[in-house]
Structures are given as C-alpha cells and as structure tokens.
Amino acid sequence: MTWSPGDHLAVRGTDWRVVQSTAHVDCTALDLASVEGPPVLRTLMLPFDRPRRAAVPRLIVLSPRLWAEHVGARLGRTFPFGALRFCPRSIQLLAYQLEPALAVFRHSTTRVLIGDDVGLGKTVEAGVIVREVVGRRATARVLVIVPAALRTQWKEELASLLDLPSIDAHAAWLRTITRELPPDVNPWSIPGIYLASIDFVKRPEVLGPLESVRWDLLVVDEAHGATPGTGRLAAVDALGCRASIVVLLSATPHLGEQNQFDALCRIGSGAGHSRLVCFRRTRADIDVAQGPVRSRVFAVPPTENERQMHRLLERYTSLLWAAARRGNANPALLATVFRKRALSSAGALAVSLVRRLSSMASPPHGEAQPWLPLESGDIDAAADEDADSVLSGKGLDDPVSERTVLEQCLEAAEASSISESKTARLLRLLSRVHSPAIVFSEYRDTAVRLRSRIAAMGRQAVLLHGGLAPDERALVTAEFLRGRAVMVATDAASEGLNLHHSCRLVIHYELPWSPARLHQRCGRVNRIGQRRRVHEIALVAADTAEQLVLQPLLRRLRDSGAFNRSSIVHQLPEALVAAQVFDGDQGSGPAHPVPPARHAEPFITLDLSAEARAEVERLRMARLVDPPGGSSAGLVIPVTLQPRASGERTGRRTGGAMTIVYSIGFRNGAGDMLEETLLPLSVEYERRPWRRSRRGLRAQVRRALAELAPRLDSALETVACARLAVIGAAHGPNVAAREARRRAMSGPLQSAAGALVQPGLFGRTGLRTERAAAAGWLDEAPIEDGAECRIVWQARVEAVFCGSLA
C-alpha cells in the first residue's frame, strides 16, 4: 500500500495525516501529524508498523450550541496562506514580534537580522520561527548558537515559552553521543534542536561534522560577537551557508565599525548572495507605556594621590606609544591596558603593574607548541581579566628605565587605592538609595574590591563575573532577585540577564570604550515588563585620562548610525571631549560631531506592521474559538437541526434548506500545507420534514450528501480554482527563493574547519568528510523537481446544518 501526503491513516490506536513519505532500499519512512489537537509529529517505518486507512468520519447529531462550538474550534485551526500555524499559546501576542516570522514564511526571506532594542523579546521572535520550522517539518534540524553563559537561559525559555525540548550540545554530550552511535553516523545529523555555544562550535573537531549537515534553521544570538578575523565569524558563516534559514540576533549589531557590521551582514549569504532583511525597533517604536531612561553623569574630582598616579602613568604610556611606532604593537596594547585599568580603579592598576614587574623579572619563555582546543567545557573568554601575553610582552627598549617608571607608578597606585574618590562617591550614592542596584565595572579586580567595600557599609552585595560557572551565575542571580541587594558585575552580566522585575538602577563605575556595552548594561533592567522609570548613572573622573574615552565613544556612537541607541552618552558634556591621544598631541574636540561617511546599507527592511497586526487578531480569535483541549477534528461530522422558532408546532419543521461546511486544504507537491479554510455551501434539498430522531436524521443527511455530491463538487471546484490562482501567485516567489538557496547550499563545501587543521589530524573521519563534501554530498533525499510548485486541493465535509443559517 502506498501513501501520499494528506492521506489519513490509523496506527497505534490514533488517527494520523501523512506529511511526507520517503522510500528507502529496505523500508519507507512516514512522517505523520496527528489529527487530534494539539498536533503531534511522529516518524514511522514501514513495514515494521502496519497502518491502515482511517475510517470514514461518522455522523453525530449534536445540539445547536455544541455544534457551533465544534465548528468554531475547527475554524480556529484553519489558516490563510503565509500565516503562522504553530504560534504557542504561552506567549503574549505582540504584533512586532511576529514580523520576522512573517518575513520568512510569507515573503520568502532566508536571512534575517533582528536588531531590536534590548529587552524587546528577540528570543521570542526567534523562538516563533523555530516553532514554525519544527512544526512544519517533523525531521527538522535546528542549530541555536549562543554565548556559553546563555545556554541555560535559552534552554529554559525554549521549554517554558515554546514547549520545545532542546539538546544541550557541549563537549560531554558530544563524547557520550559519539560512543552510543555507530561510527559512520554524524551525531549532528539526527533531527532535533541543538543548543551550543559559539566558542564550542568554532573548534575544528566540532565544526567539521557540523558543516557536513544541512540545517533547516540557524539562529545566532549576540551575533555581534562574531568579529572579522576570528574563528567565531569563520564558524558562524560556514554554518550559515549550510542553513536554509539564518536568523541573527543582536541589540547592538553596529559597534561603530563599518567593516565589522558589513561582515556581520554577510553571515550565511553564501554563493547565492541571498538578501538580508533587517528589523530594528526601539521602545518608542512599539509605544511602550514606560517612559525613557533617566540618565545622569556625575563628574568625580580625583584626589591629589590619584592626580599624581595619572600624571606618572601618562608619562609612561606616552613612552610606550612612541615605542609602538617602531614596529612592535605590544607596547601600544600595554599602554591601552594600563590606561583602562587606571580608569577602572587604582587597585586594579596596582595589580596589573605588579604582574608586569613580575614578568620582567622572569626569564623569557621559549616557543612552545600551543595546546589543541580539547578542553572538556566550553571556552568563555574572561574579558574582565588582563591577557598575560600582553603584560609579559615587549615594552620599552630600556628595561631598567621601564622598571623605575613602573615602580613609581605602583607606589602612586597603592597610595591612591587607600582612599579612591569614585568609591567614596559610589558608597555615598548607595547609602541614599535603599532599592536594589547594579554596579558595572569593566574589570574583575575592581568588582571584587567594590563588593567588599559595599558589604563593609552594611549592604548586602553579590558578585558576578566571567569566571563563574553557569550554575554559580544562576545562584548569584537568584540571590539578587530575592532581596534588596547590590549586584557588582563585570560585562559578563551585560547579556542574557532579566533583572527588570526587581531592579531599575544601573551604575557605570567607569565608562567602557564602546556605546554598545553601555546599552547592553542598561538593557538588563530596561525591558518589557519594567513598570517603573529606569535610572542610569555614570561616574566620570574629572581632569583625568577618562575624558579620552569619550572621544571613541562619540565616534562609535556617530558611526553606528541607525543603530545608535545609547542615551547616557548624549548626557556627556562636550567640554570633556579631548582630542589628546597617547602621543600628547593637543587639540580641541569638535563642537558638533562630523556626520559619518554615507555607506550603502548591506540589508533591506520590510514594513510588515499591518500584516502582523492582522495576524495577531487572527491568532487571538483562533484562541477564543479553539480553547485548549477542544473537540477533535477529522473524527466525526457534527449534524444539528435548526431550532424551532417560538410557538412553532413540532410537526411543521420542514426540510428544504441545508448548509454543508467544507474544509478546503491546499498543499504543494511535497506535502506541505499552504492554506486551509472553511467554506459553507447552502443548498435546497427535498421539501420534507427533517427527522427528529438521531438515527433518522443521520440517515437522511447521509442520503442527501450522496445525492447532492455532483452539484456540490462543481461549486467547490469553482471556488478552489479561483483561490488556487491567488495562492499560486504568492507561492511562486517563495519556491524560487528556497530553490535558489537550496542550489547555493548544494555546491561543493569549502570547509572552514579543514582550513584550521591539516587533513587526517583527527583520523580518517575527517578525510571521508572532505571527500563527501567535495562530491556535493547531502544528508537528505532530494525533493522531486517541480514538486513544490504544484498545488493541489482537497475538500472534506466538516459539519452539516439542517436548516438555514441565515
């Protein structure tokens, strides 16, 4: 027995609809969807399972009220062309959050950049797309790439908001699954939703098998972390070129560097150069009732010891900057590290100076073979610590003079750390604020000292930095959310935390060099669901090198163009902006920043707000008429009799009018449902009373359906053909876009992982993968040519009303 998409069958005690039938040498795989709500997807193997044709739905007589509820529930399961069919009931329906999904499934978009403001629900927007992909295809493979610290949060939100189980793909999982599967089975080729960190997938031994799989969907969270020249960008771009749909998420996609932004927009474009559609909405765009962030900048005058420290450091870093002009870049990096550490705190500078002096006393290390990236856990680079290679690298040409200057700077830093002006101002501020607050510092050393000082004043304080494991981060966050504590955090906490329910105050202990970090920090509390005004405070050391940070801040803010959303930078007085840099050149900052050079945008935008609002109304109505646990579809055909009018005699209930409710489904040749609608047809039948008994009425309706079939079929064909023309015109561009993407993905694979290691380094598996990739190997059966373009329709009786519905 052969099965075609759309056929109804019964197996394992349940009725199913065939989604796809794939024939293999010894068996046939049937992808099935249950006809009972909510839909359940299964794959059965023939001949191991023995399905049979589903029984013809039986007629059942109901009261008019129950009949209306049944038809309403069936109506709630219909959908127009390009609609969202699997949007979960657990999410709040906000129109702007449905626009990216409509762009993908209605407007044939294959690459999307969701650049919405922090806290507007980019995870939900991507999750809706994931839910649709998984719901429409039982064998879908989805890869979600996130920073390592956000894996747990993504897994929880996929499960709680979207009812989607996911596989936490890390090194331990990969070792386990590799032992359990046969040697020739790629562990990533099994259908499912894989959740992995960006630093895990970029490893050569992990990226190789990932590249050999065709992905139905690739989601990259915090995509701005894939910067040019890094393994992250190479890995994400390679996987994007093997994905049918690519979704990039970033609240700060433009960090003020046009080259970085262009590289981000090219991720996954591949040989087909598919267009990138960008969605960028601010809180003002979606008309959130909450007011704008209230930002303040406090200029903190330094103490005399701090002034002396900055003067000595300025002299030293000027010498380093001059040495860097003679061909070695490390002195410039060293100068940058010391300046940034001094702007963080005198104690942090003292730690770095001690490490530099210690490295100068140690003998230089000879060259050594670097370790292969085979750590047991994911790599989470601690950006809140100094790089040892920089502190131990080349500095001034005269080591004796450099040591003398370093010792002077260290003495001044230690004297300044006894009583720091910023710390005193922060403690004074927190003594007046009794609500929870988040204090951000760029460096872990400073954060540790601040937590100690805040705890000493009697306030509960917790510490969060990049060195904490995911479970430790969760415990710190839970402790902060329980009470009125102060969280001291590095930028490891600037992404992925939802703290808006208990906090509305963010304090920047020092200014980072990127406006994106300012924006991400404030986004921890400035999110949807925040019911109070958010306050943001920056502490700026007056008359110090910290004013130099303002120049790159303003430049990057200017160059980010349409993605400029940092509010506190606009509060910085322009008088503080200096053109002085490390070589001591003097100048004055421009009174008005020069507009950036015009660049052609590497993306397009779509205004789908009207379509999204209409889709929200449709989904809301569907939820109303089809409540959870509603009546099943396809099992019975409800029949009801027109109620008697008031005063009408029982024997005068006559026939003559009859309304038959049909469902009309439109599918393409591959079995994908494109549209389903209900169509009521009113006809005149023989003029005789409808039977009052249930058995008699069922027999009468069954005879009427048989006699009226030719006339009804003609009417159905007229309506269906008219609708086919409309659907075909809209469906054609979708098929063309998918086919172009499929052709681009089917070309020979230029392995990014293979470029990182020599062939055969990890055994013969890598060689076999390269040969398969060079031959254009794909891991799924090809779709029959033209199958997606063919559209067929199928009608079935859903309900019968004996009488007139008018």
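Observations, loosely collected:
- Assessment of segment 29-40 against the conditions (open to solvent by less than 50 Å² (accessible area, probe 1.4 Å), modelled with pLDDT of 90 or more and closer than 16 Å to Asp626 by Cβ) yields no matching residue.
- So Arg85, is it among the charged types (D, E, K, R), touching a helix residue (DSSP H, G or I) at 6+ places or on another chain (Cβ under 7 Å) and within 30 Å of Thr123 (Cβ to Cβ): yes
- Counting only residues that are of a type outside the set (A, V, I, L, M, F, W, C), open to solvent by less than 40 Å² (accessible area, probe 1.4 Å) and under 22 Å from Leu481 (Cβ atoms), segment 414-434 holds 0 of them.
- Total residues in segment 75-109, condition touching a Leu at 6+ places or on another chain (Cβ under 8 Å), open to solvent by 20 Å² or more (accessible area, probe 1.4 Å) and without any contact (Cβ under 8 Å) to a residue 40 or more places away in the chain: 1
- Against the criterion of being at positive phi and touching a strand residue (DSSP E or B) at 6+ places or on another chain (Cβ under 7 Å), Gly268 qualifies.
- Filtered residues of segment 463-496 (kept if without any contact (Cβ under 8 Å) to a residue 60 or more places away in the chain, open to solvent by less than 20 Å² (accessible area, probe 1.4 Å) and either in a strand (DSSP E or B) or closer than 18 Å to Ser197 by Cβ (or both)): Leu464, Val486, Met487, Val488, Ala489, Ala493, Ser494
- Hits in segment 154-173 - residues which are farther than 23 Å from Gly127 by Cβ and open to solvent by 30 Å² or more (accessible area, probe 1.4 Å): Ala172
- If you go through segment 137-173 and keep only what is within 16 Å of Leu210 (Cα to Cα) and out of contact with any strand residue (DSSP E or B) (no Cβ under 9 Å at 6 or more places or on another chain), you end up with just Ala171.
- Extreme residue, surrounded by the most Cβ atoms within 10 Å (Cβ to Cβ), among residues of segment 181-238 that are among the β-branched types (Val, Ile, Thr) and under 19 Å from the mean Cα position of the chain (by Cα): Val220
- On inspection, Arg50 qualifies as open to solvent by 20 Å² or more (accessible area, probe 1.4 Å), part of a loop (DSSP other than H, G, I, E, B), without any contact (Cβ under 8 Å) to a residue 40 or more places away in the chain and over 30 Å from Trp215 (Cα atoms).
- Some residue of segment 600-608 being modelled with pLDDT under 70, of a type outside the set (Lys, Arg), assigned to a loop (DSSP other than H, G, I, E, B) and more than 26 Å from Ala263 (Cα to Cα): no
- Selection count, segment 64-109, where residues are polar (S, T, N, Q) and on the phi > 0 side of the Ramachandran plot: 1
- Of the residues in segment 298-315, at least one is part of a strand (DSSP E or B), modelled with pLDDT of 85 or more, open to solvent by less than 20 Å² (accessible area, probe 1.4 Å) and not hydroxyl-bearing (Ser, Thr, Tyr).
- Residue check, Thr227 part of a loop (DSSP other than H, G, I, E, B) and under 24 Å from Leu497 (Cα atoms): yes
- Flag for Trp16 being of a type in the set (Phe, Trp, Tyr), surrounded by 15 or more Cβ atoms within 10 Å (Cβ to Cβ), at pLDDT 85 or above and not in a loop (DSSP other than H, G, I, E, B): no
- Out of Gly72, Gly6, sole residue that is at pLDDT 80 or above, open to solvent by less than 50 Å² (accessible area, probe 1.4 Å), within 37 Å of the chain's Cα centre (by Cα) and under 22 Å from Glu675 (Cβ atoms): Gly72
- Failed item, numbered, when Gln460 is tested on (1) of a type in the set (S, T, N, Q); (2) open to solvent by 70 Å² or more (accessible area, probe 1.4 Å); (3) touching a helix residue (DSSP H, G or I) at 6+ places or on another chain (Cβ under 8 Å): (3)
- Entry remark, segment 77-129: residues being among the aromatic types (Phe, Trp, Tyr) and out of contact with any Asp or Glu (no Cβ under 7 Å at 6 or more places or on another chain) number 1 in total.
- Where a residue in segment 242-259 is free of Cβ contacts under 8 Å to residues at least 40 places away in the same chain and its partner, wherever it lies, is of a type in the set (A, V, I, L, M) and open to solvent by 20 Å² or more (accessible area, probe 1.4 Å), with Cβ under 9 Å and at least six apart: none
- Selection from segment 91-136 of residues that are closer than 17 Å to Phe81 by Cα and outside any helix (DSSP H, G or I): Arg106, His107, Ser108, Thr109
- Some residue of segment 669-682 being loosely packed, with under 14 Cβ neighbours inside 10 Å, touching a residue at least 40 places away in the same chain (Cβ under 8 Å) and in a strand (DSSP E or B): yes
- The criterion of being more than 28 Å from the chain's Cα centre (by Cα), open to solvent by 60 Å² or more (accessible area, probe 1.4 Å) and not acidic (Asp, Glu) holds for Arg58.
- Failed condition for Pro292, given (1) open to solvent by less than 30 Å² (accessible area, probe 1.4 Å); (2) touching a residue at least 40 places away in the same chain (Cβ under 8 Å); (3) under 30 Å from Trp154 (Cα atoms): (1)
The values are calculated or read from the model by the stated rules, or taken from the named source; none is laboratory data. Remember, it's a predicted structure, so these values are computed and weren't measured experimentally. With ideal geometry, Cβ positions are generated from the backbone for all residues, glycine too; neighbour counts draw on all protein chains shown. With ligands, DNA and RNA removed, areas are computed over all heavy atoms of the protein, side chains included. Shrake-Rupley method; radii C 1.70, N 1.55, O 1.52, S 1.80 Å.
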